[in-house]
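Below is one structure, written out as structure tokens; comments come after it.
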Amino acid sequence: MAKILKITGMPNIIKNLKMVSAIKMVDIGLNMKKAGLFIQRESQKIVPIDTTHLKGTANTRNIGGAGPKTDIVVSFGSEAYTYAVYVHEDMDAKHKPGKRAKYLESVCREKKKEIFDIVVGKL
């Protein structure tokens with residue numbers, strides 16, 4: 001079964017943003033899409049590559065909502081494409097320099113400040 005990484009805490013971020021009048025709620029949805037594309041680009045830099053197939057399946061999309069209720073998904077492969085999950089989770093695999101497992105999860109952890117800055121419109 002595929003595991004899904006979910007970034008939590010967005011409701012708190014949105015609540016705090018509502019207190020800042022300089023941020024327009026409509027922009028948050030657009031900025032969340034930009035943040036998703038940032039995560040996608042950064043993860044494509046470190047995704048293990050034997051062929052370009054896995055790297056080429058990266059996708060960022062809005063699966064619902066608008067403004068602060070925007071729901072963005074960043075993924076590799078399709079729901080039935082278990083290879084992406086296998087490569088992501090295989091911590092014992094040997095990869096080329098600069099490439100690694102947890103290519104989505106690690107970007108979200110390591111780039112959380114940049115992701116936040118994109119969502120709030122600083123970047």
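The values are calculated or read from the model by the stated rules, or taken from the named source; none is laboratory data. Since the structure is predicted, the reported quantities are computational estimates derived from the model, not experimental observations. Reconstructed Cβ throughout: ideal geometry from the backbone, glycine too, with neighbour counts over all protein chains shown.
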Anything in the range 77-108 that is at pLDDT 90 or above, hydrophobic (A, V, I, L, M, F, W, C) and outside any loop (DSSP other than H, G, I, E, B)? List them, or say none. Val107, Cys108
Residue pairs meeting the criteria (Cβ under 8 Å; at least 6 apart or on separate chains; first more than 12 Å from Asp71 (Cα to Cα), in the range 29-40; second surrounded by fewer than 17 Cβ atoms within 10 Å (Cβ to Cβ)): Phe38/Glu114; Gln40/Asn59
Among (1) under 20 Å from Lys111 (Cβ atoms); (2) of a type outside the set (Phe, Trp, Tyr); (3) modelled with pLDDT of 75 or more, where does Leu5 come up short? (3)
Looking only at the range 53-76, count every residue that is polar (S, T, N, Q) and in a loop (DSSP other than H, G, I, E, B) and tell me the total. 2
Please state which one of Lys111, Lys33 is in contact with a helix residue (DSSP H, G or I) (Cβ under 9 Å, 6 or more places away or on another chain) and either under 15 Å from Ile7 (Cβ atoms) or modelled with pLDDT of 90 or more (or both). Lys111
All but one of (1) part of a strand (DSSP E or B); (2) surrounded by 15 or more Cβ atoms within 10 Å (Cβ to Cβ) hold for Gly121; which doesn't? (1)
